[in-house]
Amino acid sequence: MVQTRRQSGKLSIPRYNEDDLSDEERVGGANGRRKIRRPNPKDGKLSILSSIPLDILFEIFTHLSPKDLLTLSRTSRILRSTLLSKNATTVWKRSLANMPGSPPACPKDISEARWAELLYGATNCHICGAVNIFNIDFSFRRRLCLSCKKTNLVYSSKFSKKFPEFDPLILDLIPYATISGSYPPNHKLHNKPPSKYFLESDIYSMAQTFGLLAKNIHMRKPGAKAKLEEFKKERAEFVKDVAEYAKVCEGWAVEENKRLSGLKDEAVTNRRNEIISRLRSLGYDQTDLNAISWSRFVHQYKDLTARSWNIMLPQLESELKERREARLRAERNQLIYNRKRLAASAYRNWKVKNIPRRDWPLLPQDFQVVAWEGFEGVIEAHSDVVVGEESFEEALGGLEEVIEKWKVDKKRKLVSLVPVGAPSSSSISEPHAGPQDVDTSPLDLATSIFACRRPCCKSIRCGGLPPVLGAAQLLSNTYPCFPFPISDGGSTPQVAAPFEFRFNEDLSRVAKSLVECIGGDVERMTMKDMDERDARFFCVSCSRVERSRLGEDDDQRQQRDEEKGLEVGWNIILPKLESEIQARREARARVERSQLIYSRRRLAGPAYRNWKVKNIPPKDWPLLPQDFQVVSWEGFDSVIEAASDVVVGEESFEGVLGGLEEVIEKWKVDKKRKLVSLVPVGTPSSSSISEPHAGPQDVDTSSLELATSIFICTRPYYSSVRYGGIPPVMGTAQLLSHTYPCFPFPISDGDSTTQVAPSFEFRFSEDLSSVAKSLVESVGGDVERIMMKDMDKRDARFFCVGCARVERSGPGEGDAQHQQRDEERRLEVGALSWRACINHFMTIHRTQEEHQDPSDFRLLPPILEEQAIAQECCEPDPSFGQSAWLCACCDCHVYRGTTRDGAITHVQTQHGVENPLEDEHFVFDSRITKLFRPPQIVRLDEEVMLGL
């Protein structure tokens with residue numbers, strides 16, 4: 001008999017409680033007994049939801065989040081149709097209202113379910129499905145990736161080119177996204193409206209709808225035109241509402257991101273604290289726990305569960321063990337390093353007390369002695385042992401004997417490197433026979449030349465393989481080519497390392513040939529004898545190369561050598577050598593003379609500065625010539641250019657400084673006279689210009705203070721590097737304290753003849769003078785009399801007509817659009833002071849066709865002028881933060897200025913002035929251009945705009 005799965009016991013029989021069954025599941029039999037309907041095993045646990053009343057379901061759903069509702073709506077068709085029906089609108093509203101962060105309300109043009117999906121749904125691109133698109137484009141009500149933005153967004157200026165068959169008016173009926181650029185206040189595009197981008201699918205959809213309405217008008221259907229106008233009005237209002245609400249939603253998105261980020265940080269902190277608390281309870285040190293704060297197991301914003309803790313604990317313990325071992329190794333290495341420094345310091349103190357300084361080069365170096373076993377026992381002691389310099393006293397007690405033995409072993413080893421059979425080699429004693437000294441005479445022979453083969457000696461310090469000559473140089477070699485000590489406890493010499501000293505056979509043969517050239521005894525002549533002989537040699541190979549360079553072939557060289565010998569080569573080379581030596585001698589003399597002149601000029605500069613400190617108030621220093629100008633004066637030049645054997649000091653310039661004040665005063669008068677002479681003929685006060693160099697009397701500079709007297713400095717460096725353009729120079733104070741030496745010192749020569757100004761000096765600017773003239777006329781001033789201080793006192797505000805025209809016209813707009821823009825908003829322009837107008841003309845007008853007329857500035861109405869001045873007063877004065885303020889009581893800030901607060905603090909603390917006054921106790925450096933508050937934006941009314 002075949003058993004079924006149930007009879008075989010492989011499938012258990014489910015049992016049900018009748019009380020848990022519904023009436024529909026109880027079916028009566030023929031005999032009156034109730035038959036229980038078995039539920040289908042394929043039915044899910046949520047199948048019972050279909051039998052629950054809707055009001056109860058909706059009440060339950062209101063306690064779910066929008067993300068849970070979206071997930072639930074995707075579980076079955078019944079739940080999807082239920083949750084997406086109009087009856088479930090209150091469920092979505094209450095779910096959204098229960099969310100933290102107060103999400104924005106659902107707009108009227110989309111459903112609550114779609115709005116919840118946009119805010120809290122999947123972060124996929126709504127076009128291509130790309131993941132992790134967290135930013136929402138609320139203007140389009142979509143999530144768009146960067147690739148889809150590039151392919152599906154249309155820039156407003158490119159609409160006509162891409163869709164030539166569509167009416168451009170449909171752009172006013174489509175929602176758009178804006179991207180605004182940042183331009184400086186003086187830029188012509190500063191007030192340009194943000195760029196608009198439209199979705200390509202919206203353009204096609206609107207074009208189709210707009211085409212149908214236009215077609216109805218073409219077919220003359222009744223009411224079609226009115227219907228189109230009503231549609232355009234409704235869509236324009238809709239687009240406006242979408243743009244405004246998008247800004248609200250974007251603000252909420254920013255705050256929501258901050259809130260979520262704060263929640264994640266809080267979760268990470270809680271998880272980290274919980275993990276560290278558990279590990280601390282297990283006995284781990286807080287120092288090791290701090291090192292794992294950023295571990296991948298700790299730095300998570302998930303809740304810590306028992307399962308995750310059991311999984312990560314072994315790995316955390318392993319990581320903690322590694323970090324503890326690394327920390328202990330680092331602490332031990334640092335401790336050893338500190339102890340070695342103490343040992344080196346103790347060794348140096350021992351040398352100071354016991355060894356003469358002239359013998360220090362013969363001693364082992366600090367790091368060699370520190371590595372000696374006598375010190376190593378103290379250095380490698382347990383970490384708990386406290387080690388100081390006194391801990392090495394016992395080791396230092398026997399150090400002198402070890403060093404003496406090391407010296408003997410070093411000499412013995414060096415002598416042993418001399419090849420067998422060399423002179424005096426028999427004097428070498430047996431190895432380590434005792435601490436007696438060793439005969440080092442073989443090391444002083446002229447033919448005993450060694451080389452150090454250490455890589456550092458070959459490549460870094462000496463730039464090659466340097467020869468080492470003489471016992472003194474061998475015994476005091478810088479690098480530790482001999483270990484300390486050389487021998488071990490058994491007095492057996494250690495094997496020399498491969499990078500130690502080696503006897504150089506090649507260099508020894510060269511030295512032997514040189515000794516033989518002068519007739520010396522190779523076996524007895526020492527290096528000292530060769531130095532006393534001081535012979536000079538020449539290289540035969542170089543002479544052959546020189547002769548070959550002159551065009552001689554091998555046969556000619558051989559014939560010349562047979563006839564005249566090598567002396568002929570010397571006669572050929574000698575004249576060239578003498579000329580080269582003479583040229584090098586002259587070059588060396590020029591270099592030494594230049595260095596001497598430079599050092600004397602450096603002495604003249606401080607002498608001039610000390611003279612200024614004693615004779616001139618610091619606030620007048622900007623009006624003086626600069627140091628290098630005075631140093632170049634013929635008075636200083638006579639001392640500086642004195643013969644090289646003359647000793648020159650600061651006191652050598654005292655006689656010159658005695659007449660310097662008179663020369664500087666004359667230079668100031670000449671400078672004023674020259675500036676006044678630059679004012680064109682016919683300008684007011686030009687008749688007050690005195691005759692050139694009639695005397696040292698002062699000059700009437702009233703013409704320089706006129707509002708129309710504006711100069712520019714055309715020095716290439718001044719106009720292009722420092723200020724980024726040709727800045728205007730206005731006023732006598734700024735002219736006389738101009739930073740760069742556009743006026744030579746002194747201006748005139750001995751015959752009192754004014755020098756011709758070079759092409760890069762000051763020039764009177766006709767264009768800027770015309771601008772200033774138009775500004776003076778705008779305020780009703782007298783062009784021939786009004787001064788700069790009068791214009792500053794008037795403090796009027798103007799606006800640029802050229803910029804206003806550009807702003808009003810905009811790119812590609814017609815008259816109808818002009819009128820529409822003027823109706824929507826008034827024109828915004830910058831309120832400029834009269835000095836700002838001149839700067840604006842220089843920076844903007846010269847580079848743009850719309851700004852060519854110097855009179856393109858108009859006076860603002862009084863109301864707007866007062867408004868602009870009131871707004872400027874709310875802004876901080878930028879000149880207060882400039883490092884251009886000087887103390888008028890001392891020379892503390894003359895060469896390096898400070899801020900206004902710094903100057904006030906200096907006067908109060910250093911000079912005891914409680915309430916310092918500007919221009920009396922501290923001044924602004926007139927050599928530096930003063931910054932002004934930025935122009936404020938005002939809106940022109942309709943009457944002013946009609947005149948543009």
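The values are calculated or read from the model by the stated rules, or taken from the named source; none is laboratory data. Keep in mind that this is a model prediction, so the values were computed, not measured. With ideal geometry, Cβ positions are generated from the backbone for all residues, glycine too; neighbour counts draw on all protein chains shown. Side chains included, ligands, DNA and RNA excluded: accessible areas come from the protein's heavy atoms. Shrake-Rupley method; radii C 1.70, N 1.55, O 1.52, S 1.80 Å.
Can you tell me how many residues in the range 55-83 are outside any helix (DSSP H, G or I), open to solvent by 90 Å² or more (accessible area, probe 1.4 Å) and under 23 Å from R141 (Cα atoms)? Write out each step before concluding.
Filtering the range 55-83 for residues outside any helix (DSSP H, G or I) gives 62-65, 74-76.
Those still in the list that are open to solvent by 90 Å² or more (accessible area, probe 1.4 Å) too: 63, 74.
Filter again for under 23 Å from R141 (Cα atoms), leaving 74.
The number of residues fulfilling the criteria is 1.
Hey, L474 hits all of (1) outside any loop (DSSP other than H, G, I, E, B); (2) modelled with pLDDT of 80 or more but one; which does it fall short on?
With respect to (1) outside any loop (DSSP other than H, G, I, E, B); (2) modelled with pLDDT of 80 or more, L474 is out only on (2).
How many residues are open to solvent by 60 Å² or more (accessible area, probe 1.4 Å), over 25 Å from L153 (Cβ atoms) and not small (G, A, S) if we restrict to the range 218-237?
Selection size over the range 218-237: 10.
Quick one: which helices (runs of 4 or more DSSP H) lie wholly within the range 761-880 and hold at least 2 residues that are modelled with pLDDT of 65 or more and open to solvent by less than 80 Å² (accessible area, probe 1.4 Å)?
Working: elements: 766-778, 788-794, 801-809, 815-824, 834-843, 862-874.
So the answer is 766-778, 788-794, 801-809, 834-843, 862-874.
Just give me the residues in the range 515-541 being part of a helix (DSSP H, G or I) and surrounded by fewer than 16 Cβ atoms within 10 Å (Cβ to Cβ), in sequence order. I'd like the intermediate steps shown before the answer.
Going residue by residue through the range 515-541, those that are part of a helix (DSSP H, G or I) are 515-517, 527-533, 540-541.
If the condition is that a residue be part of a helix (DSSP H, G or I) and surrounded by fewer than 16 Cβ atoms within 10 Å (Cβ to Cβ), then E516, C517, K528, D531, E532, R533, V540, S541 are the ones that fit.
Which members of the range 238-256 meet the condition of being open to solvent by 80 Å² or more (accessible area, probe 1.4 Å) and either among the aliphatic types (A, V, I, L, M) or touching a residue at least 12 places away in the same chain (Cβ under 8 Å) (or both)?
Hits for the range 238-256 are V248, E250, E255.
Restricted to the range 353-389, and to residues that are in a helix (DSSP H, G or I), in contact (Cβ under 8 Å) with a residue 24 or more places away in the chain and over 30 Å from G470 (Cα atoms), which residue is most open to solvent (accessible area, probe 1.4 Å)?
E389
Would you point out which residue out of V639, V646, V630 is in a loop (DSSP other than H, G, I, E, B) and either in contact with a Phe, Trp or Tyr (Cβ under 7 Å, 6 or more places away or on another chain) or exposed (fewer than 12 other Cβ atoms within 10 Å of the Cβ) (or both)? Quick ask: steps written out before the conclusion?
On the way: V639 fails: in a loop (DSSP other than H, G, I, E, B); V630 fails: in a loop (DSSP other than H, G, I, E, B).
Going through V639, V646, V630 in turn, just one is in a loop (DSSP other than H, G, I, E, B) and either in contact with a Phe, Trp or Tyr (Cβ under 7 Å, 6 or more places away or on another chain) or exposed (fewer than 12 other Cβ atoms within 10 Å of the Cβ) (or both): V646.
Residues that are over 16 Å from M206 (Cβ atoms), in the same structural domain as A214 (by the TED database) and touching an Asp or Glu at 6+ places or on another chain (Cβ under 7 Å), at least 3 per element: which helices (runs of 4 or more DSSP H) completely within the range 87-175 meet that?
Details: elements: 89-97, 112-120, 146-152, 159-162.
In the range 87-175, the matching helices (runs of 4 or more DSSP H) lie at 89-97.
Restricting attention to the range 610-660, which residues are free of Cβ contacts under 8 Å to residues at least 60 places away in the same chain, aliphatic (A, V, I, L, M) and within 28 Å of L917 (Cβ to Cβ)?
The answer is I616, L624.
Can you tell me which condition W294 does not meet? The list is (1) aromatic (F, W, Y); (2) within 30 Å of K108 (Cα to Cα); (3) open to solvent by 90 Å² or more (accessible area, probe 1.4 Å), and all the others hold.
(2)
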